[in-house]
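The next block holds one structure in the form of structure tokens; read it before the comments.
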Amino acid sequence: MAEEYDVCVIGTGAGGGVMIDQLTAAGFRVVALERGGRVGPIDFDDDELRNVIRDEVFSPHQLETYRFDASSPSQTGRFSHLAHCVGGTITHWAAWSWRFKPDDFEVLSKEGPVAGANLADWPIGYDELEPFYTQAERDFGVAGDNTKNPFGAPQETPLPNPPHPVRVSARKFSQGAKKLGYHPFAVPKAINSQPYGGRPRCMYGGACRSYGCPIHAKATTLSVSLPRAERTGKLDLRIDAMVFELPVDDAGRVTGARYLDAAGSAHEVRARHTIVSAGSIGTPQLLLMSKSGAFPDGLANGSGQVGRNLTFHHHPSVIGVFDEDLRGYTGFESHAAFDDLHASDPKRGFIRGGVIGELNTFTHQPIAYAAVLANDHTFGSSWGAGLKDRIRAFPRTLTLTVIAEEMPMEENGVDLDPDVKDRFGLPVPRVTKRHHDNDLAMFAWYEDKLVEVAEAAGAESIALGRNPDVHITKTQAQKGNAHNHGTARMGTDPSKSVLDKWCRSHEVPNLWVVDGSFMPTSSGYNPTLTILANAYRVADHFVREAKKGSL
Amino acid sequence: MSDENRREEQGDGLSRRAFLQRGGIYGAGVLVALNLPRPKAAAAAAQSTEPVVLSRVEWANLEAATARIIPTDHQPGAREANCVNFIDKALANEDSVAVPLYKGGLAALVGVAQARHGQGFSALDAAQQDAILADLEKGAAAEWAIAEQLPSPLFFETLRAHTIVGFLADPAYGGNADFAGWRVAGYPGPRHRRGGYTPDQVEGKAPIVPIWEQ
């Protein structure tokens, strides 16, 4: 009989990578199954066409379908901004590293029920996650100054690295924010501002989000967690391993995983515990593919909540055009933010909110910039002299955005597409996603605020923000995102949630989920530090319980 | 993926609204939206600036059209950047799915020019060319003979997107000749393999020299 591992981890991104690291460090034998291949610094150039426009570096085989709602036709394509590779999507993250605020853990209690939304409290509070935020910040070398955001989560331990240089665009943004009475600060970033953890200081090359870091100055599971795990000798990492089923035994326990290799041949591994971290799209896909007599609707899906309550973040964005080169093509994605407008205020006509930041998503990428702005008719024609003038404005532009919290809706989610199959013949994930009215009201309100900030900063003209073509409307949802959460939410009630407070299935005692799908609500901050911290928390619990013999 | 899905994806990926809607503008790898297939054009482009897929006549008409998308003024435009070469090499490689679109579209474009002015598109003056392209963008050219098979706005959007990409992609792909696009954009070039920027450059305290002057 094949070797039985202590633990099988599916996925090597933010959640899975931390589990692999922490469990191998504790002496467990871990087999890790990664659907993608190995990429590394040698592959990480900053060719915009290769990396972004054609997206051929990180997930060449990714395929999904999308539909607006259950009665809409589906479209086939690649909508989610994912990376199917060793290290997962955190490999090309922008490294914004927030702690969620205490109220982000109890949205239902704080706000009360909202019609059409499926709000829920988290089964844990900020205090329970706090020590693990500290651990994640330390391991991932977060740079910044947490004393400078009066609206952020309470935090006693200083960040391990000092803030980065202030890009010209960030200075401009902060001047505008201050003029309006706000409190801008350096975005906490898991990017080295000095040599740290055996990794060098950032080289400020401009291309950060959507790109791998060629020098590992950006902390990722690829640069931090997996090398450590590989040094223990306890890790069996298998690449190009597309898991298609989690088999269960007669007692209703998962026995490991079945996967297809690159050639499409099936293999099986056996493990005492299985930890799924395939992302909020891939995890429900896998659980729903794992049907059995005991779990006819998919593994761990007695509640019917697997694949439901998918949230992204929506991102109202505005581009201000200034009279000087703002050097957006240097540094990394975002150097400055302010949080004054984040707190929930029902008087605005919506609840919840988000953090506001400047970013270089367009201003380090001339193709993306020109192609998107060519569609903005604020300046007139989308071709000819108007387009050329827009291209010339490239270095003088500043983008402002919001990481805006969305309402979870039960009907938004991921299931198996009944028609479209991947290259192995497996059903691809079908994403169904539309916006709640609260999202739309929030979008419009923040867009106006971003215009105010851009104008206070001295913008001569505004693009995107006043263009109805780019507004999200009631009949049009944002397709795909880099921030995916909620499709296997945790909770105390097994009839309304998939996981318990330890991210362990209510129904299957040796099945755990540690990617962003555990989040009942998404907050108005980038989610990754919270996914990392939660994985440290779950790993800590796992090791303790295992030592007690309780697993 | 069925052929039907593939067609739908291609058509959808090249339309303007879908382009915006698919990704949103921040979260979703916005330009994954173009959904163009995989790459070998850099190598092909490096080998030759002679037409590979396009005929000489197609090349001339396409070059003239790109030159109206990004015109030449006191700075170089799509013609000087050799965007037509970028498109030709892309069609020979990763964008081969669009070959019928270009072959059919360019023939129809010439058909409109012939019907209106008795000459090929590349022989017209700029105002005549602009008037035709504006009608193609709107789907308003009655002389466009293949509206059933290929709506003119789809051809126009593809042409426009490809011209922009050819103008601003790395010169290794065959366009952006002599860094023309990056000069116009004020973009000093990619730095991952050139050591990045110093903190002083990030903060605006030190000058930045473009890669073509280094």
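The values are calculated or read from the model by the stated rules, or taken from the named source; none is laboratory data. Source: prediction; values computed, not measured. For neighbour counting, all protein chains shown are included, and Cβ atoms are generated from backbone atoms with ideal geometry for every residue, glycine included.
Of all residue pairs spaced 6 or more apart or on separate chains, those with beta-carbon atoms under 7 Å, a first member in region A:41-60 that is under 17 Å from A:Ile215 (Cα atoms) and a second member that is of a type in the set (Phe, Trp, Tyr) and modelled with pLDDT of 85 or more are A:Phe44/A:Tyr211; A:Asp46/A:Tyr211; A:Asn51/A:Tyr211. For region A:28-50, what are the residues that are surrounded by 24 or more Cβ atoms within 10 Å (Cβ to Cβ) and at pLDDT below 90? Hit for region A:28-50 is A:Leu49, nothing else.
With a cut-off of at least 1 residues that are within 11 Å of chain B (Cβ to nearest Cβ) and farther than 30 Å from A:Glu268 by Cβ, name the strands (runs of 3 or more DSSP E) lying wholly within region A:30-120.
A:64-67, A:75-77
Scan region A:8-52 for residues that are of a type in the set (S, T, N, Q) and touching a helix residue (DSSP H, G or I) at 6+ places or on another chain (Cβ under 7 Å) and jot them down. A:Thr12, A:Gln22, A:Thr24 - these are the residues of region A:8-52 that are of a type in the set (S, T, N, Q) and touching a helix residue (DSSP H, G or I) at 6+ places or on another chain (Cβ under 7 Å).
When B:Val184 is tested against (1) under 20 Å from B:Trp59 (Cα atoms); (2) in contact (Cβ under 8 Å) with a residue 40 or more places away in the chain; (3) among the aliphatic types (A, V, I, L, M), exactly one condition is not met: (1). Of all residues in region A:326-345, those being closer than 22 Å to A:Leu440 by Cβ and either of a type in the set (Ser, Thr, Tyr) or touching a residue at least 40 places away in the same chain (Cβ under 8 Å) (or both) number 4. So, A:Val514, is that one touching a strand residue (DSSP E or B) at 6+ places or on another chain (Cβ under 9 Å) and either surrounded by fewer than 24 Cβ atoms within 10 Å (Cβ to Cβ) or at pLDDT 95 or above (or both) or not? Here the answer is yes, as A:Val514 does meet what is asked. Among the conditions (1) away from chain B (no Cβ under 11 Å); (2) surrounded by 22 or more Cβ atoms within 10 Å (Cβ to Cβ); (3) free of Cβ contacts under 8 Å to residues at least 60 places away in the same chain, the only one that A:Arg199 does not satisfy is (2). Just to be sure, is A:Arg231 outside the structural domain of A:Val513 (by TED's automatic domain parsing), surrounded by fewer than 24 Cβ atoms within 10 Å (Cβ to Cβ) and more than 25 Å from the chain's Cα centre (by Cα)? Spelling it out, A:Arg231 is indeed outside the structural domain of A:Val513 (by TED's automatic domain parsing), surrounded by fewer than 24 Cβ atoms within 10 Å (Cβ to Cβ) and more than 25 Å from the chain's Cα centre (by Cα). A Cβ distance below 6 Å, combined with a sequence gap of six or more or placement on separate chains, defines the contacts here; from region A:122-150, residues that are closer than 21 Å to A:Pro165 by Cα reach residues that are of a type in the set (Phe, Trp, Tyr) in the pairs A:Gly141/A:Tyr196; A:Lys148/A:Phe185; A:Asn149/A:Phe185.
Contact map, region A:308-325: first residue farther than 26 Å from A:His435 by Cα, second residue β-branched (Val, Ile, Thr), Cβ cut-off under 7 Å, separation 6 or more or different chains; pairs are A:Gly320/A:Thr397; A:Gly320/A:Ile462; A:Val321/A:Thr397.
One line per residue, one yes/no per condition, for (1) touching a residue at least 40 places away in the same chain (Cβ under 8 Å); (2) closer than 23 Å to B:Asp95 by Cβ; (3) surrounded by fewer than 24 Cβ atoms within 10 Å (Cβ to Cβ):
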| position | (1), (2), (3) |
| --- | --- |
| A:Gln62 | no, yes, yes |
| A:Arg67 | yes, no, yes |
| A:Thr89 | yes, no, no |
| A:Val107 | yes, no, no |
| A:Gly112 | no, no, yes |
| A:Gly116 | yes, no, yes |
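Residue check: A:Gly386 meets all listed conditions (1) assigned to a helix (DSSP H, G or I); (2) touching a strand residue (DSSP E or B) at 6+ places or on another chain (Cβ under 7 Å) but one, namely (2).
Is it the case, given these coordinates, that A:Leu373 is assigned to a helix (DSSP H, G or I) and within 13 Å of chain B (Cβ to nearest Cβ)? Answer is yes for this residue. If I ask for residues that are buried (at least 19 other Cβ atoms within 10 Å of the Cβ) and part of a loop (DSSP other than H, G, I, E, B), which ones from region A:146-165 would you list? Residues satisfying the conditions are A:Asn149, A:Gly152, A:Leu159, A:Pro160, A:His164, A:Pro165.
Looking only at region B:163-188, filter to residues that are more than 7 Å from chain A (Cβ to nearest Cβ) and surrounded by fewer than 24 Cβ atoms within 10 Å (Cβ to Cβ); which one of those is farthest from A:Arg390 (Cα to Cα)? Step by step, filter region B:163-188, then rank; the result is B:Ala172. In region B:170-188, the qualifying residues are those that are assigned to a loop (DSSP other than H, G, I, E, B) and within 22 Å of B:Ala90 (Cα to Cα), and the one that is farthest from the chain's Cα centre (by Cα) is B:Asp170. Here the helices (runs of 4 or more DSSP H) wholly within region B:5-98 that include at least 3 residues being buried (at least 24 other Cβ atoms within 10 Å of the Cβ), at pLDDT 50 or above and in the same structural domain as B:Ile164 (by TED's automatic domain parsing) are B:56-69, B:83-92. Within region A:282-335, the set of residues being among the polar types (S, T, N, Q), more than 14 Å from every other protein chain (Cβ to nearest Cβ) and either at positive phi or part of a loop (DSSP other than H, G, I, E, B) (or both) comprises A:Ser290, A:Ser292, A:Asn301, A:Ser303, A:Gln305, A:Asn309. Screening A:Lys218 with (1) under 30 Å from A:Glu452 (Cα atoms); (2) in contact with a strand residue (DSSP E or B) (Cβ under 7 Å, 6 or more places away or on another chain) gives one miss only, at (1). Scanning region A:186-196 for residues that are assigned to a loop (DSSP other than H, G, I, E, B) and more than 24 Å from A:Ser80 (Cα to Cα), we see that the one that is nearest to the other protein chains (Cβ to nearest Cβ) is A:Ser193. With respect to the conditions (1) at pLDDT 95 or above; (2) of a type outside the set (Ser, Thr, Tyr); (3) part of a loop (DSSP other than H, G, I, E, B), A:Pro214 lacks only one, and its number is (1).
Output the residues belonging to region B:189-213 that are more than 7 Å from chain A (Cβ to nearest Cβ), part of a loop (DSSP other than H, G, I, E, B) and under 28 Å from the mean Cα position of the chain (by Cα).
Selection gives B:Gly189, B:Arg194, B:Val209, B:Pro210.
Would you check if B:Val112 is outside any loop (DSSP other than H, G, I, E, B), free of Cβ contacts under 8 Å to residues at least 60 places away in the same chain, farther than 26 Å from B:Val184 by Cβ and in contact with a helix residue (DSSP H, G or I) (Cβ under 7 Å, 6 or more places away or on another chain)? So B:Val112 passes the test. In the set (1) facing another protein chain (nearest Cβ under 8 Å); (2) in contact (Cβ under 8 Å) with a residue 24 or more places away in the chain; (3) charged (D, E, K, R); (4) over 22 Å from B:Ala81 (Cβ atoms), B:Arg160 fails one condition alone, (4). Output the residue which, of all residues in region A:351-370 that are assigned to a helix (DSSP H, G or I) and touching a Lys or Arg at 6+ places or on another chain (Cβ under 9 Å), is nearest to the other protein chains (Cβ to nearest Cβ). So, considering only residues that are assigned to a helix (DSSP H, G or I) and touching a Lys or Arg at 6+ places or on another chain (Cβ under 9 Å), the one nearest to the other protein chains (Cβ to nearest Cβ) is A:Ala370.
If we keep just the residues of region A:205-228 that are touching a Pro at 6+ places or on another chain (Cβ under 7 Å) and surrounded by fewer than 24 Cβ atoms within 10 Å (Cβ to Cβ), which is nearest to A:Pro158 (Cα to Cα)? Only one residue tops the list, namely A:His216.
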